[in-house]
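Chemist: Structure incoming, see below.
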Amino acid sequence: CLLGHAAGVAHGERGLALAGFSGSGKSTLALHLMAHDLSFVSNDRLLIQREAGYLIMYGIPKQPRINPGTALNNDSLESVIPEHDLAAFEELPTDELWELEQKYDVLIEDVYGSDRLRLQSRMGSLVILNWKRDRAVARIDRVDLSSRRDLLAAFMKETGLFYQPDPSHGNPDFSEGAYLDLLRLCNVYEITGGIDFEFAAQACLDLLASE
């Protein structure tokens, strides 16, 4: 497998990976999608593997952590924050709320039910969030990563100090070329413009429906 810095959601046999540059809100978008009866695959890391001409993504059993602004803009998540904290956050200006680093764990099975968590799915598309906090209109475009290598940095993830390769498998290839070769088996999209989670969620649902 190759390691991807992405969240993952699935609907039936169709799955979608969500990547983005630091602070772009991939976990927030995944949780917005959960309101549409999707299953949660992973919060921050995916293992991606080729199988019979398509990709399989495997989730890491790590619960998402959200900031207060995410909870205030998602009715399903308000119960995650204690009532006394929630009341205080509701009084804050939007810009100040956005900058808060206080995090809360979202236990998927408690919030959405035990049948909404799975750790494996086919991966048909990768959506990369490359938007900004401005008034520009959000848009989604299909991209070719071979000519947009700048977007690879949003998805590639180092294995870290504790990775122990299996000597019997030879030297693993974690190069840009290896990622490009693997990701040719799925559609890749970039969302640009201003941050708009409602637009992004609908765009992702349309992708899942068209796969």
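Chemist: Run the dipole for the chain about the Cα centre, Lys and Arg Cβ at +1, Asp and Glu Cβ at -1, nothing else charged, and hand back the magnitude in debye, nearest 20.
Modeler: With only Lys, Arg, Asp and Glu charged at Cβ, the dipole is about 840 debye.
Chemist: If one computes the Cα centroid of the stretch 170-191 and of the stretch 1-65, what distance in Å separates the two points?
Modeler: 16
Chemist: Quick one: with all protein chains in place, what share of the accessible area of the chain is carbon or sulfur, to the nearest percent (1.4 Å probe)?
Modeler: That fraction is 47 percent.
Chemist: On average, how much accessible surface per residue is there in the stretch 1-132, in Å², for a 1.4 Å probe, leaving out ligands, DNA and RNA?
Modeler: Dividing the accessible area of the stretch 1-132 by its residue count gives 47 Å².
Chemist: Let me ask you something else. Among rounded, prolate and oblate, which fits the chain when a ≥ b ≥ c are the square roots of the eigenvalues of its C-alpha gyration tensor, a/c under 1.5 means rounded, and a/b larger than b/c means prolate?
Modeler: prolate
Chemist: Shifting gears a bit: How many angstrom separate the Cα center of the stretch 78-97 from the Cα center of the stretch 111-132?
Modeler: The stretch 78-97 and the stretch 111-132 have Cα centres separated by 26 Å.
Chemist: In addition: Mind ranking 83-94, 193-204 by how tightly packed they are, going by the mean number of other C-beta atoms within 10 angstrom, highest first?
Modeler: Highest mean packing first, the order is 193-204, 83-94.
Chemist: If you place +1 on the Cβ of every Lys and Arg, -1 on the Cβ of every Asp and Glu, and leave all else neutral, what size is the dipole of the stretch 26-140 about its Cα centre, to the nearest 20 Debye?
Modeler: Around 960 debye, computed over the stretch 26-140.
Chemist: Under a straight-distance cross-link criterion of Cα-Cα below 19 Å, which aspartates and glutamates are reachable from Lys132, leaving out those fewer than 8 residues away in the same chain?
Modeler: Hits, sequence-local ones excluded: Asp95, Glu96, Glu99, Glu101, Asp141, Asp150, Glu190, Asp196, Glu198.
Chemist: Not counting the cut sites, what is the longest span of the chain without trypsin sites (Lys or Arg not before Pro) that DSSP labels loop and that have at most 11 other Cβ atoms within 10 Å?
Modeler: 136-211
Chemist: What lysines sit close enough to Lys62 to cross-link, taking a C-alpha to C-alpha distance under 21 Å and skipping anything fewer than 8 places away on the same chain?
Modeler: Lys26, Lys103, Lys157
Chemist: Treating only the Cβ of Lys, Arg, Asp and Glu as charged (+1, +1, -1, -1), what charge dipole size does the stretch 132-211 show about its Cα centre? Round to the nearest 20 debye.
Modeler: I would put it at about 260 debye.
Chemist: Go ahead and estimate [θ] at 222 nm for the chain from helices alone: -39,500 (n - 2.57) per DSSP H run with n ≥ 4, summed, over the residue count, rounded to 500.
Modeler: Computed mean residue ellipticity for the chain: -6500 deg cm²/dmol.
The values are calculated or read from the model by the stated rules, or taken from the named source; none is laboratory data. Since the structure is predicted, the reported quantities are computational estimates derived from the model, not experimental observations. Cβ atoms come from the backbone with ideal geometry, glycine included; neighbour counts cover every protein chain shown. Ligands, DNA and RNA are stripped out before the accessible areas are found, and what is left, the full protein with its side chains, is counted by its heavy atoms. Shrake-Rupley method; radii C 1.70, N 1.55, O 1.52, S 1.80 Å.
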